Amino acid sequence: MVKCMLTQIWRQKYYALYKDMAGRHTQARFNFILRKKLTPRDIADMFNDFAEDYEQVYFNIGWRPYEVVGDFMAKIIPEENRSKLKVLDVGAGTGLLGNKLKNHGFTHVDGLDPAKNMLNVAKRRNIYQRYICAFINKDRNNAIETDYYDYIVASGAFNEGLIPCGAFQEMIRIVKPGGRITFTVPTKYINISDNLRDQLLPLIDQLAQEGVWEVTSVALEDGELSSTDGPGTLFSLKVFVSEKTF
């Protein structure tokens, strides 16, 4: 009963905040059903308009997937090795995960996001070495070399309208064999997103069976990702190939 009341209070707070914000596609910030009607460019514009208020709103719902991913990286990689690794934060946004990685001793972290204003917030804080304003999908980004990164990370970027499952094709290309792609996804997003429900888990299993990667999955309890998202999973995919077309 208490938990339900707290959840309702959180929702009232952040809905009140976003109603007061000017910008394109405002309602779709928290209504993923509306995102189904938007193009990737529409959604990037939504986050461009949202950039200055983004962290305030998400902190109000106890949003912390960046903490989960950052702490996992620190757990699996010895401290003395962290400064030697090249890491790409996909869906980097305002740099929450990048900053967490810096605090753990990762010194070569780049950020990729299609919303320029979100990256500008991160740039003011000098979080990333390189700021790549681009979408990530199955198309090749010639600005990034094959087998360039040791690790790719993403936090909060697998939900409706954000990273498509086809983007794993490009992630596999730009991460080194032996490197990892690590990300979180709430279970409820898998259930409501056409992209995730129909493709994510089957694709992860298929490519594991084909020897493209080895899967580590960590079950996340209700509240670990945020106060409203419920349970989820952290996936860490150890990649064994330079490229894979699917």
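Read-outs: derived from the displayed coordinates by stated rules, not from any lab. No experiment lies behind these values; they were computed from the predicted model shown. No Cβ is skipped: glycine too gets one built from the backbone with ideal geometry, and neighbour counts run over all protein chains shown.
Report for region 84-238 the percent antiparallel among DSSP-assigned beta bridges with both residues inside it, nearest 5.
Rounded to the nearest five, the antiparallel share is 45 percent.
What is the fewest-to-most order of Thr182, Thr107 by other Cβ atoms lying within 10 Å of their Cβ?
By the 10 Å Cβ count, ascending: Thr107, Thr182.
Any chance you could get the radius of gyration and Dmax over the Cα atoms of the chain, in Å?
Cα radius of gyration and Dmax of the chain are 17.3, 53 Å respectively.
Which one of Asn81, Val215, Thr39 is farthest out on the positive end of the charge dipole of the chain, using unit charges on Cβ (Lys, Arg +1; Asp, Glu -1) and the Cα centre as origin?
Thr39
For the chain, what is the charge dipole size about the Cα centre, in debye to the nearest 20, if Lys and Arg each add +1 at the Cβ and Asp and Glu each add -1 at the Cβ?
Result for the chain is approximately 420 debye, rounded to the nearest 20.
By how many nm would the segment from Val218 to Ser83 grow when fully extended, if each residue of separation counts as 0.36 nm and the alpha-carbon distance is taken off?
Residue separation times 0.36 nm, minus the Cα-Cα distance, leaves 46.1 nm.
Quick one: if you stick a label point 7 Å off each Cα along the C-beta vector at Leu34 and Lys188, how many nm between them?
For the pair Leu34/Lys188, the computed spacing is 1.7 nm.
How many nm is it between the label spots at Lys176 and Cys133, if each spot is 7 Å from the Cα in line with the beta carbon?
3.1
To the nearest Å, what is the center-to-center distance of region 66-106 and region 109-126, using C-alpha atoms only?
Using only Cα atoms to place each centre, the spacing works out to 15 Å.
Per Stokes-Einstein, at 4 °C and 1.567 mPa s, what whole-number D in µm² s⁻¹ belongs to region 110-246, with the Kirkwood radius over Cα pairs as the hydrodynamic radius?
83
Can you show me the helix-derived [θ] at 222 nm for the chain, built from DSSP H runs with n ≥ 4 at -39,500 (n - 2.57) apiece and divided by the number of residues, rounded to the nearest 500.
Computed mean residue ellipticity for the chain: -10500 deg cm²/dmol.
Return, ordered by residue number, the residues of region 50-87 whose backbone nitrogen is under 14 Å from a label point located 7 Å along Cα→Cβ of His104.
Under cut-off, by backbone N: 65-87.
Provide Tyr58, Tyr189, Tyr131 in ascending order of the number of other Cβ atoms located within 10 Å of each residue's Cβ, fewest first.
Ordered from fewest to most neighbouring Cβ atoms within 10 Å, Tyr58, Tyr189, Tyr131 come out as Tyr131, Tyr58, Tyr189.
Given 0.36 nm per residue, what is the gain on full extension from Asn141 to Asp53 after removing their alpha carbon distance, in nm?
28.7 nm
With the cut-off at 29 Å, tell me which of the pairs Lys37/Lys100; Lys37/Lys238; Lys36/Lys176; Lys37/Lys138 have Cα atoms farther apart than that.
Lys37/Lys100; Lys37/Lys238; Lys36/Lys176
Express in nm, to one decimal, how much length is gained between Glu210 and Arg197 on full extension, taking 0.36 nm for each residue of separation and deducting their alpha carbon distance.
Gain in length upon complete extension: 2.6 nm.
If we count other beta carbons within 10 Å of each Cβ, what is the order of Arg173, Arg124, Arg24, fewest first?
Arg124, Arg24, Arg173
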